[in-house]
1. For a quick check: with amide H placed at 1.01 Å from N, whose amide H comes under 5 Å from Leu103's, ignoring anything fewer than 5 positions away on the same chain?
2. Please list, by residue number, every one of the GluC sites (Glu not before Pro) in the stretch 57-166 that is coil in DSSP and has at most 15 other beta-carbon atoms within 10 Å.
3. Classify the stretch 51-104: rounded, prolate or oblate, from the alpha-carbon gyration tensor (a ≥ b ≥ c, eigenvalue square roots; a/c under 1.5 rounded; otherwise prolate if a/b is larger than b/c)?
4. Please sort by residue number the chymotrypsin sites (Phe, Trp or Tyr not before Pro) in the stretch 45-98 whose DSSP state is loop and whose Cβ has at most 16 other Cβ atoms within 10 Å.
Amino acid sequence: MSAETSTPTAAAEPTDTELAAQPVGYWTGLAHRDVIAYIRSRQAELGLTQPQFWLLRNLSPDDLSPDGAPRTLADLADAMVDYLLPGDDLAAESDVLVERGWLSRTPDGALSLEPEGEAARLRVKEIAPSVRAHIHEGISDADYATTVRVLQRMIANVTPKPANGA
């Protein structure tokens, strides 16, 4: 067998027409799964799960908390409803952070951010630019913006519209 016949040939790149016919749900599902897995693996390198990071962010007055006041687990879950994944257990995640001393509980059970928790949040924030750069490698800002606009439009297309007069 010659080198020419034993070398596999690269598959031809799909055409725009072929790509346009592909199911968006399949590709957005894969993208979501793989991007979240990458982000979670990078955060795990710093000893945090993504839900733990979200708890810290939502309790930090220097991030998502409007005032840094203690918040109940129910309030935090409501704040995170758009990005919690099935299987994310905020009660268990908050227990870990309380055991570490990164969060504390008020007498009524609300959670507060401790200085050690703020330091952990900042460590993850420090790697965020490199995480984003890796995910966006080879993608121009213009292409990314176009992708986001297309996804926003698809979401709008499938989101039920309120009835007239509602």
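Where a number appears in this text, it was derived from the coordinates with a stated rule and is not lab data. This is a predicted model, so every value here is computed, not measured. So basically every Cβ, Gly included, is an ideal-geometry build from the backbone, and we count neighbours across all protein chains shown.
1. Val98, Glu114
2. On the way: sites: Glu93, Glu99, Glu116, Glu118, Glu126, Glu137; in loops: Glu137.
Counting only loop positions with at most 15 other Cβ atoms within 10 Å, the GluC sites (Glu not before Pro) in the stretch 57-166 are Glu137.
3. Oblate is the answer for the stretch 51-104, as a/c is 1.5 or above yet b/c matches or exceeds a/b.
4. Filter output for the stretch 45-98: Tyr83.
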